[in-house]
Amino acid sequence: WVSGRDALVRVDLGLMARHSPPSPDAKIRVMSQSGQGKWGPSSTSPTLSYSREPILFEFTVPRNDVGATLRYRTRLVGYDPDWSDWTEPAEARYTNLPGGTYTFQVQARDGDGRTGGIAAFGFRIVPPLYRSATAYALYCLLGLGVIAAFVQWRVGRAERARRQLESVVAIRTEE
């Protein structure tokens, strides 16, 4: 029971214990890359051209707890299959990602040890020109051309040696 100036209030602490705060579900606020733009969670999966510039993910947990201690873990499916350690900074940075399809995932944990759901954001990086399918086809054709030129050179050399040997045999047979 708690008394006030105008009223007497009964507080049931058992009910308060049953109404714990919600789980800390992380939300991805923005994905950005210098020179290429920013993408929010409502965006469709963006396609980025290859760049050495870092890709930055910013995330948060929309809660009203003042001073809540939140920790995050992240992973980039398609690049790193393992989760990172739990850390406080609400951002993750990736550099020099090769071409491919990726899904960034983040999960939050509050100070009481409650773990929230996983937030995900998918994107694709187009490989650089020198790693494209067309480039690999050209590399194969170039390799086959080098092999064919080497074989042609060796066959020509063997043919010249055969003709020279035939002329030597012909000269010696006449003698």
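Using a 1.4 Å probe and ignoring any ligands, DNA or RNA, find the accessible area of W153 and quote it in Å² to the nearest 10.
Answer for W153: close to 130 Å² accessible.
Which of the three applies to the stretch 99-164, rounded, prolate or oblate, going by the alpha-carbon gyration tensor with a ≥ b ≥ c and a/c under 1.5 meaning rounded?
Here the stretch 99-164 falls in the prolate category.
How much of T74 can a 1.4 Å solvent probe reach, expressed as accessible area in Å² and rounded to 10?
20
Quick check: the angle from helix 133-174's long axis to the longest principal axis of the chain, C-alpha only, nearest 10 degrees?
In the chain, helix 133-174 runs at an angle near 20 degrees to the longest axis.
Leaving out ligands, DNA and RNA, and with a 1.4 Å probe, what % of the accessible surface on the chain is carbon or sulfur?
The C+S portion of the solvent-accessible surface of the chain is 55 percent.
Rank V169, T44, A148 by how far each Cα sits towards the positive end of the charge dipole of the chain (+1 on Lys, Arg Cβ; -1 on Asp, Glu Cβ) and give me just the farthest.
Looking along the dipole axis, the top candidate is V169.
Select from the stretch 96-175 those trypsin sites (Lys or Arg not before Pro) which occupy a DSSP coil region and have at most 16 other Cβ atoms within 10 Å, ordered by residue number.
R114
Roughly how many Å² is the accessible area per residue of the stretch 33-160, as a whole number, for a 1.4 Å probe?
That works out to 64 Å² per residue.
Want the number for D25 to R157: 0.36 nm per residue separation, take away the alpha-carbon distance, what's left?
Here the answer is 40.2 nm.
Cα atoms only: what Rg and Dmax, in Å, come out for the chain?
Computed over the Cα atoms of the chain, radius of gyration and Dmax are 33.9, 140 Å.
With every protein chain kept in the model, how would you rank D112, D25 by accessible area, 1.4 Å probe, largest at the top?
D112, D25
Compute the length gained on full extension between T115 and R52: take 0.36 nm times their separation in residues and subtract their Cα-Cα distance, giving the result in nm to one decimal.
19.3 nm
So what's the back-of-envelope 222 nm ellipticity for the chain, counting only DSSP H runs of four-plus at -39500 (n - 2.57) apiece and dividing by all residues, rounded to 500?
Computed mean residue ellipticity for the chain: -9500 deg cm²/dmol.
Go through A120, A7, W83 and say which Cα lies farthest out towards the positive end of the charge dipole of the chain; charges sit on Cβ, +1 for Lys and Arg, -1 for Asp and Glu.
Sorting the options by dipole projection puts first A120.
The values are calculated or read from the model by the stated rules, or taken from the named source; none is laboratory data. This one's a predicted model, so the numbers in the text were calculated from it and none came from an experiment. Neighbour counts run over all protein chains shown; Cβ positions are idealised from the backbone, glycine included. Ligands, DNA and RNA are stripped out before the accessible areas are found, and what is left, the full protein with its side chains, is counted by its heavy atoms. Shrake-Rupley method; radii C 1.70, N 1.55, O 1.52, S 1.80 Å.
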